[in-house]
Amino acid sequence: MIRLLAFILCLCPAFGFAQRASETSGAELRWLDRTTGELRSFIITIGNPVTLGPLEIHLQACRYPEGELTQDAFALLAIYDARSKGQLFEGWMVASSPAINALEHPRYDVWALRCKIL
């Protein structure tokens, strides 16, 4: 009986609860130079890269839970070394968990704070 019930449950479709998201064209990020202790918050928009130190930061998308702009942000970023043009990072950064997918650089940190409606 238990095996039959387990088999039936395996055949049933799984109902996931996907969170609906809205997208903006801007994001607020924070940059840290660990050597000097300089800390800056800045706003970046899609198509307008920002250069801080040797880092060139490009925003590709910023999403947040629908109807909750002040909550979590998910920023799709590409970060390059402006001197060598080598790519240092590409991926999603999550504002509530910056360590999940972080820029790995010995001197600089960059993380997402929130999406911005511009």
Exercise. Would you mind computing, in nm to one decimal, how far apart the modelled labels at ASP81 and PHE42 are, each placed 7 Å from Cα along Cα→Cβ?
Key: 1.9
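Taking 0.36 nm per intervening residue step and subtracting the Cα-Cα distance, what contour gain separates GLU66 from ASN101 on full extension? Write out the running numbers ahead of the final one.
Numbers: separation 35, 0.36 × 35 = 12.60 nm, distance 2.23 nm.
Additional length available on full extension: 10.4 nm.
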Practice problem: For ARG114, enumerate residues with amide H under 5 Å from its amide H, sequence gap 5+ or separate chain, H modeled in the peptide plane. | Solution: GLU28
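If we count other beta carbons within 10 Å of each Cβ, what is the order of ARG63, ARG20, ARG107, fewest first?
Working: ARG63 18, ARG20 7, ARG107 12.
Ranked by crowding around the Cβ, least crowded first: ARG20, ARG107, ARG63.
Kirkwood Rh over Cα pairs of region 16-96 into Stokes-Einstein at 10 °C, 1.306 mPa s: D in µm²/s?
Details: Rh = 13.7 Å.
Reported coefficient: 116 µm²/s.
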Quiz item: Ranking THR36, THR24 by Cβ neighbours within 10 Å, fewest first, what do you get?
Solution: THR36, THR24
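For region 18-79, which GluC sites (Glu not before Pro) are in a loop by DSSP, counting at most 12 other Cβ atoms within 10 Å?
Numbers: sites: GLU23, GLU28, GLU38, GLU56, GLU66, GLU68; in loops: GLU38, GLU66, GLU68.
Loop-located and lightly packed - GLU38, GLU66, GLU68.
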Quiz item: Which ordering of PHE74, PHE89 is given by a fewest-first count of other beta-carbon atoms within 10 Å?
Solution: PHE89, PHE74
Quiz item: Put +1 on the Cβ of each Lys and Arg and -1 on the Cβ of each Asp and Glu in region 55-118; which of LEU55, SER97, ILE117 then has its Cα farthest toward the positive end of the dipole?
Solution: LEU55
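Taken together, the values in this text are just the output of simple stated rules run on the coordinates, not laboratory data. What you see is a predicted model, and the numbers here were worked out from it, not measured in a lab. Virtual Cβ from ideal backbone geometry, glycine too; neighbours counted across all protein chains shown.
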